[in-house]
Structure formats: structure tokens, C-alpha cells
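Report on one structure; see the data block that follows.
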Amino acid sequence: MSATSPDDQAVVRLQQIRPELLKLHKALLYSERTVYEQTHGPIANSGEFFRLVTEDEAFSWLRPISQFIVQIDELLDLRKKDKVEPESAAILLEKARLMLKPNKDSLTPLGERYFQAIQRDSQIALMHADMADKLRGE
């Protein structure tokens, strides 16, 4: 496979968006934490925050992003061992593009809550715009 093949380009793009996706995910977690604390009071410590992120319904809409990051990591690890289907990176890029679509009327909690996070936090709105550009290949 040549260094400029579409498959290689998709892997490179996936490698480039991964750190940006991690930053966006972290910002979404902390934004949701603020919303949670307004209703339930301060979260005592990082252990309690972790428990809430993994178990509480208030944070459940973020779990698909967490799971998606794991999928990216698994693909990139497999890539090192040359055990990856050529189109896998392109499929994950398309999945990211579809997943990160804010929609106030979404049928999924992710789309609706992502929309709300963008509306309440200008930094998340900027991160979303940057991510959308990168996913379009700009």
C-alpha cells in the first residue's frame, strides 16, 4: 500500500482527530459535571466523579463517545500489527461524523445533549466546529 493511498489517508486523519476528540470529550465531561453539580451539589472527589461518569444516568449520553475512542485506539493498535481491514479507518471517520451531530430534536440522548452542551458552552461550540471541519477533511 502506498503512503498516499486513501486508506493511509484515512488512518492519518483518524490519528489526527483522536487527540481532538479526547479534548472534546473531556470538555463535555466537565461541562456535564457543572450541570450535575447545579442540581445535586458538589461532587466530593475524582473517584466519585469517575463513578458518576461510568454509572450515573446523567452522564450516560457521553458513553458512546468513550466507547468510540476505545474503538479508535483498538484500530490504531491493530494497525501496528498489520491486522486491519483497509476501509476500517474510513468507516470510523464516518461514524465520528455521524455521531457528533448536535440536534435539539434528536432521537438519541447524545445528539440532544451534545446540542445543549454546545449551546451553553462557547468553548465546546468552537471545539465542535473545529472537529466538524476536520471530519469533513478541511
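The values are calculated or read from the model by the stated rules, or taken from the named source; none is laboratory data. Note that the coordinates shown come from a computational prediction; the quantities given were computed from them, not determined experimentally. In this analysis, Cβ positions are derived from the backbone assuming ideal geometry, glycine residues included, and neighbour counts consider all displayed protein chains.
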Test: Ala129 is assigned to a helix (DSSP H, G or I), under 23 Å from Gln16 (Cβ atoms) and at pLDDT 95 or above: yes
Can you tell me which residue within region 92-119, out of those that are buried (at least 17 other Cβ atoms within 10 Å of the Cβ) and not in a helix (DSSP H, G or I), is farthest from the chain's Cα centre (by Cα)? Pro102
Looking at Ala3 and the list (1) hydrophobic (A, V, I, L, M, F, W, C); (2) at pLDDT below 95; (3) in contact with a helix residue (DSSP H, G or I) (Cβ under 6 Å, 6 or more places away or on another chain); (4) not in a helix (DSSP H, G or I), which single condition is not satisfied? (3)
Under 6 Å by Cβ, and 6 or more places apart or on different chains, what pairs join a residue from region 46-67 that is farther than 15 Å from Glu112 by Cβ with one that is in a helix (DSSP H, G or I)? Leu52/Phe59; Val53/Phe59
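This table checks each residue for (1) of a type in the set (D, E, K, R); (2) at pLDDT below 95.
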residue	(1), (2)
Lys83	yes, yes
Glu87	yes, yes
Gln116	no, no
Arg120	yes, no
Asp133	yes, yes
